Amino acid sequence: MVDTDKNFNPKLEKFSEYLKNCSGKLWNEATNHKFTNDLNDDKLEDHIFKIYIIQDYIFIETLVTLIGKAVYLSPNMNSKIKWANFLYAITSDENNYFQRSFDALDISKEERTNTKLFLTISDFSKLMHEVANTGTYEEILAVILAAEWVYYTWASNAKKPYPKRFYLSEWITLHNNSYFKGTLDWIKKELDITSQKLTISEQHKVANLFIKIVRLEVSFFDACYK
């Protein structure tokens with residue numbers, strides 16, 4: 001159950017926490033999914049992860065576009081630098097991870113480019129492009145926050161020793177390290193600050209976007225098993 005009619009009360013919670021609370025049971029479904037639990041426990045079968053990683057690379061390409069728009073809309077140089085650094089991390093270390101994982105899983109270039117997209121990933125991409133084209137800075141923050149917060153949450157639940165397969169263990173560490181956590185905390189703070197000027201109607205719109213992303217994460221994990 002999600003609660004998009006719940007009004008934000010700054011005396012009770014931060015806006016970022018309000019968004020997470022609005023997502024209700026969906027949040028637990030996204031962060032404690034069979035997919036993420038199997039990955040953390042080294043029980044995820046290669047053919048499932050192969051399906052996942054091909055589709056997820058499309059999401060990463062779209063995320064890069066959205067972060068680029070965040071750089072453009074950032075209210076000050078400090079924020080632009082934060083986004084630029086995050087953009088560099090994704091297009092360097094994370095992109096390198098994908099290329100090595102594609103090779104290890106014997107995923108050809110043809111598979112990467114010609115595989116039919118899940119409806120979920122197609123919807124993901126459309127929504128993020130729409131927000132990149134017409135969304136406000138706060139809407140962009142909420143979309144990125146939802147996606148990255150879900151990933152940090154399940155990754156931080158992983159217990160050592162991590163999986164022996166590097167493409168599983170590195171996928172955990174890419175989303176559970178001091179830099180990623182620091183970036184996530186900054187995005188929360190940025191949204192908490194910039195959201196202070198939002199009207200109730202604008203707050204609900206941002207909340208609905210956050211919830212849509214969490215729901216799409218659940219649907220994406222589900223689709224990998226079908």
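Numerical summary
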| quantity | calculated |
| --- | --- |
| Condition met for Leu145 (under 20 Å from Leu209 (Cα atoms), under 17 Å from the mean Cα position of the chain (by Cα) and aliphatic (A, V, I, L, M)) | yes |
| Filter result (in contact (Cβ under 8 Å) with a residue 24 or more places away in the chain and within 19 Å of Leu44 (Cβ to Cβ)) within the stretch 95-108 | Tyr97, Phe98, Arg100, Ser101, Phe102, Ala104, Leu105, Ile107 |
| Options Ile67, Ile51: the member that is open to solvent by 40 Å² or more (accessible area, probe 1.4 Å) and either of a type in the set (Val, Ile, Thr) or in contact with a Cys (Cβ under 9 Å, 6 or more places away or on another chain) (or both) | Ile51 |
| Leading residue by the ranking (farthest from the chain's Cα centre (by Cα)) among those in the stretch 71-88 that are closer than 19 Å to His175 by Cβ and surrounded by 15 or more Cβ atoms within 10 Å (Cβ to Cβ) | Lys82 |
| Extreme residue, most open to solvent (accessible area, probe 1.4 Å), among residues of the stretch 141-156 that are of a type in the set (Phe, Trp, Tyr) and under 29 Å from Glu202 (Cβ atoms) | Tyr152 |
| Unique match (being farther than 25 Å from Phe86 by Cα, touching a residue at least 40 places away in the same chain (Cβ under 8 Å) and either surrounded by fewer than 19 Cβ atoms within 10 Å (Cβ to Cβ) or of a type outside the set (Asp, Glu) (or both)) among Lys159, Lys197 | Lys159 |
| Qualifying positions in the stretch 200-215 - among the charged types (D, E, K, R) and open to solvent by less than 90 Å² (accessible area, probe 1.4 Å) | Glu202 |
| Helices (runs of 4 or more DSSP H) wholly inside the stretch 11-58 that include at least 2 residues being farther than 22 Å from Met128 by Cα and at pLDDT 95 or above | 25-31, 34-40 |
| Tally of residues being in a loop (DSSP other than H, G, I, E, B) and open to solvent by less than 50 Å² (accessible area, probe 1.4 Å) across the stretch 89-107 | 2 |
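Rundown of residues vs (1) of a type outside the set (A, V, I, L, M, F, W, C); (2) farther than 30 Å from Gln196 by Cβ; (3) within 12 Å of the chain's Cα centre (by Cα), yes/no style:
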site: Val131; (1), (2), (3): no, no, no
site: Asn157; (1), (2), (3): yes, yes, no
site: Leu168; (1), (2), (3): no, yes, no
site: Tyr179; (1), (2), (3): yes, no, no
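Matching residues to (1) more than 25 Å from Val218 (Cα to Cα); (2) small (Gly, Ala, Ser):
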{"position": "Ile54", "(1), (2)": "no, no"}
{"position": "Glu61", "(1), (2)": "no, no"}
{"position": "Met77", "(1), (2)": "yes, no"}
{"position": "Ser92", "(1), (2)": "yes, yes"}
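The values are calculated or read from the model by the stated rules, or taken from the named source; none is laboratory data. Remember, it's a predicted structure, so these values are computed and weren't measured experimentally. Note that each Cβ is placed from the backbone with ideal geometry, even for glycine, and that neighbours are counted across all protein chains shown. The area values use the complete protein model at the heavy-atom level, side chains included, leaving out ligands, DNA and RNA. Shrake-Rupley method; radii C 1.70, N 1.55, O 1.52, S 1.80 Å.
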